[in-house]
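Following: one structure in structure tokens, then a few remarks.
The values are calculated or read from the model by the stated rules, or taken from the named source; none is laboratory data. Bear in mind that the values here come from a model prediction, so they are computed numbers and not experimental data. No Cβ is skipped: glycine too gets one built from the backbone with ideal geometry, and neighbour counts run over all protein chains shown. Side chains are part of the model used for accessible areas, which takes the heavy atoms of the whole protein and leaves out ligands, DNA and RNA. Shrake-Rupley method; radii C 1.70, N 1.55, O 1.52, S 1.80 Å.
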Amino acid sequence: MPMIGVVADDLTGATTTGVLLARSQARTAVFFNVEAAANAESVERLDAVIISSNSRPLPANEAYEKVKEATGALQQMGVTYFQKRTDTTMRGGIGVEIDAMLDQLSPDTVAVVVPAMPQSRRILVGGYSVIDGVALVNTPVARDVRTPVTENYIPRLIAGQTRRQVGLVTLDHVLGGDRAVKEALAQQRAAGSSVIVVDAITLEDVENIAQACIALNWNVVSVDPGPFTSKLAYHRSLIGLEKPNIPPKADEKGKTVLIAAGSATPVTKKQMEILCEDSRHVRISVDPVALIEGGDTALAEVSEAVRRAAGLLQLGEPPRAILFETALHGGILNLTEEDNKRHYAMGMSADRINAGLGMMIARVLEEAGREKIAGLYTTGGDTMVNVCRQLGVECIEVTDYVIPQTDIGRLVGSYEGLPIVGKGGLTGNDNTACDIVDRLFREAAR
């Protein structure tokens, strides 16, 4: 029976937390939605279950219902410890999603928010989020097309979204060790706060916060990108020490990695440019407007991309990787404007682009056969969801990461065991795409 249950607001966030647990000897599965989790078989063999509510871009009332439903599903599975997984860049309705989870749990439950992932250079100082040395509001995420973030002071950001009182434990207490953190948390709780944000700049800080929470013997919901949840689980003796799970280098001959790039961030664009400097990696640029139009126009664009990919896979020496992309060539579309001009519901243009990418991957796999594919690589949580939905996948059993927030798993259900890597659009350095392709070939040989 799973002891740890997590609700994440998107799929790449779900896999990021899952991998930290999996690297610590917890058998962990990530489900794309509540329905998939409810219909899953053999859940009792798992140590941790993570459900993606896919709620990050939703209006507050819809996000609340999604998280409430997912929390209920975890309770039905018998989960003891809960996490509300947050984006490292604090996108989405974090406060309302905390409310949704706490409303389902015992009234004395406290949400301890530790929005730091030091291994990815995401830290919190004085309540202010700093990403790789840059204030959050000065990063590209501030201009995210679906979920921009314009507030850098995290207690104020959450307070604007939750019905509960929000407190803060600052770095001076955290640097004093777990006893000082314990006292500061108790003071915030006594002052009426049931959502408490805590500074952290190192994994040692995160560990001290976890030990303080256990010493207080509170019912705690961890609200974080993953490290705090992992440290709590370790000190509760639910998991072991984190360690990598890297297979040996393998023969790559005759196989191809399929890439669906749904992210339009400058980080992803640079990574794919570096990847395609190698002539063995082929880019297939897809017209996003055709996918947005839908109907026969979209199907024709998908069919043309699949035709080109199928031809490449029939070569005596097929490409090492094939990249399907819609936003890495030409100008970046304003998807809100695309929705408005077509009188679409908000987000429909993005959904149609991602559905098109998912359809391309599914059709190429069907036509080429699994034996020719080393693995799948997706950028952006919505893209990963659509790829897996088109493939009819039940869930992903996560195993490791290439770098933090660049997560490795294997498909469960259709194409059982096929390796897949999901990467957030803002994650990694210039060479990360190349590193992911290298790793997928290693995983394919397991």
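Each semi-axis of the equivalent ellipsoid for region 162-319 is √(5λ) with λ an eigenvalue of the Cα gyration tensor; in descending order they amount to 50, 22, 14 Å. Rounded to the nearest Hz, the phi-derived 3J(HN,Hα) couplings of region 254-269 under the Karplus curve 6.51 cos²θ - 1.76 cosθ + 1.60 (θ = phi - 60°) are x, 10, 9, 8, 9, 10, 10, 9, x, 8, 10, 6, x, 4, 5, 4, where x marks glycine and proline.
With the convex hull drawn over the C-alpha atoms of region 90-148, the volume per residue is 100 Å³. Computed over every Cα-Cα pair of the chain and binned at 20 Å starting from 0, the pair-distance distribution P(r) comes out as 27, 57, 15, 0 percent.
Just how far, in whole angstrom, is region 343-393 from region 1-76 if you go by their alpha carbon centroids? One Cα centre to the other: 20 Å.
Split the accessible area of region 235-320 by element, probe 1.4 Å, and carbon with sulfur accounts for 50%. Considering the options 365, 38, 316, tell which one lies farthest towards the positive end of the dipole of the chain, charges being +1 on Lys and Arg and -1 on Asp and Glu at the Cβ, about the Cα centre. The Cα lying farthest towards the positive end belongs to 316.
Each 5 Å bin from zero up to the one holding the largest Cα-Cα distance in region 217-282 carries the following percent of pairs: 3, 10, 12, 13, 11, 13, 13, 12, 8, 3, 1, 0.
Surface composition of region 359-442: carbon and sulfur make up 43 percent of the accessible area, probe 1.4 Å. Between residue 297 and residue 253, the contour length at 0.36 nm per residue exceeds the Cα-Cα span by 12.2 nm. Note on region 1-75: along the principal axes its Cα atoms extend 36, 22, 16 Å, ordered by decreasing extent. What FRET efficiency would be calculated for the residue pair residue 156, residue 315, taking the C-beta separation as r and a Förster radius of 45 Å, to the nearest 0.05? The computed FRET efficiency comes out at 0.20. Amide H contacts for residue 197 (H built 1.01 Å from N in the peptide plane; partners 5 or more residues away or on another chain; cut-off under 5 Å): 113, 167, 168, 169. Rg/Rh for region 302-416 stands at 0.99; both radii use Cα atoms, and Rh follows the Kirkwood definition. Only lysines eight or more places from residue 231 in sequence, or on another chain, were considered; those with a Cα closer than 20 Å are 84, 182, 243.
Accessible surface of region 105-145, 1.4 Å probe: 56 percent of it comes from carbon and sulfur atoms. For residue 245, the shell of other residues with beta-carbons less than 14 Å away shows a net charge of +2, using +1 for Lys and Arg and -1 for Asp and Glu. Both radii were evaluated on the Cα set of region 68-174; the Rg over Rh quotient, with Rh as the Kirkwood radius, amounts to 0.98.
If the segment from residue 1 to residue 431 were pulled out straight at 0.36 nm per residue, it would be longer than the present Cα-Cα gap by 150.8 nm.
Residues in the chain average 39 Å² of solvent-accessible surface per residue, probe 1.4 Å, ligands and nucleic acids excluded. Charge dipole of region 9-77 (Cα centre as origin; +1 on each Lys and Arg Cβ, -1 on each Asp and Glu Cβ, all else neutral): 240 debye, rounded to the nearest 20. If the label point is 7 Å along Cα→Cβ of residue 348, which residues in region 289-320 have backbone nitrogen under 11 Å from it? Only 293-294 pass the distance filter. For the peptides 234-246, 138-150, 66-78, residues were scored by their other Cβ atoms within 10 Å and the scores averaged per peptide; the highest-first order is 66-78, 138-150, 234-246. Just so you know, the averaged projected area of the alpha carbon convex hull for region 324-391 sits at 5.3 nm².
Packing, as the average of other Cβ atoms within 10 Å across residues, places the peptides 419-429, 100-110 in the order 419-429, 100-110, highest first. The slack between residue 274 and residue 214, meaning 0.36 nm per residue of separation minus the straight C-alpha distance, is 17.1 nm. For region 350-446, the calculated P(r) over all alpha carbon pairs, in 10 Å bins from 0 to the bin holding the longest distance, is 16, 51, 31, 1 percent.
Residue-wise HN-Hα couplings along region 272-280, as the Karplus relation 6.51 cos²θ - 1.76 cosθ + 1.60 with θ = phi - 60° gives them from phi, are 6, 4, 5, 4, 7, 5, 7, 5, 6 Hz; Gly and Pro carry x. Bridging of residue 253 to lysines at a Cα separation below 22 Å is possible for 372, once same-chain residues fewer than 8 apart are set aside.
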